[in-house]
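Nothing in this text is a laboratory measurement; each read-out follows from the coordinates by a stated rule. A quick note: this is a predicted structure, and the numbers were derived from the prediction, not measured. Glycine gets a Cβ as well: all are built from the backbone with ideal geometry, and neighbour counts include every protein chain shown.
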Amino acid sequence: MGIEQEPAIDQWYQHLDKGQPFVVVAIDDENGTVILQYFDGSLEEIDRDDWEQLKIEPSAAPENWSGPYDELDDSETIFADTEMSEEEWNEPLDELRELSKGTKLRKLRPQTEEK
């Protein structure tokens, strides 16, 4: 017994036998295929007939977004919590201001007076 529901793009499902979550990312009506993306990021293209034989049920999207990125270490997923000064924020704009001197491009925003 398979699923009687039509596949829906962006809908998450769970294999009842494997427990593996996946999302439908595309449906190709012309070729009669459904493209699935598993939690680990891998893709699979299956026939519509195979879809109807799957033992699955709709489920919520996983709370943990890191499935496709499981092989990254912590240093690649943790944001730096250092604070930036106003000077550091303005640095890219200062470079643009220098480049725009003598062109029709004028100040992007007024520079603040240093105190």
Long-range HN-HN contacts of W12 with modeled amide H, under 5 Å
S59
Dividing the alpha-carbon Rg of the range 12-65 by 2.2 N^0.38 Å yields what?
1.10
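Calculate, for E44 and N64, the FRET efficiency according to 1/(1 + (r/R0)^6) with r their C-beta to C-beta distance and R0 30 Å; round to the nearest 0.05. Present the calculation step by step, with values, prior to reporting the outcome.
Details: r = 21 Å, r/R0 = 0.69.
My answer for the efficiency is 0.90.
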What is the distance in Å between the Cα centres of the range 3-34 and the range 36-51?
7 Å
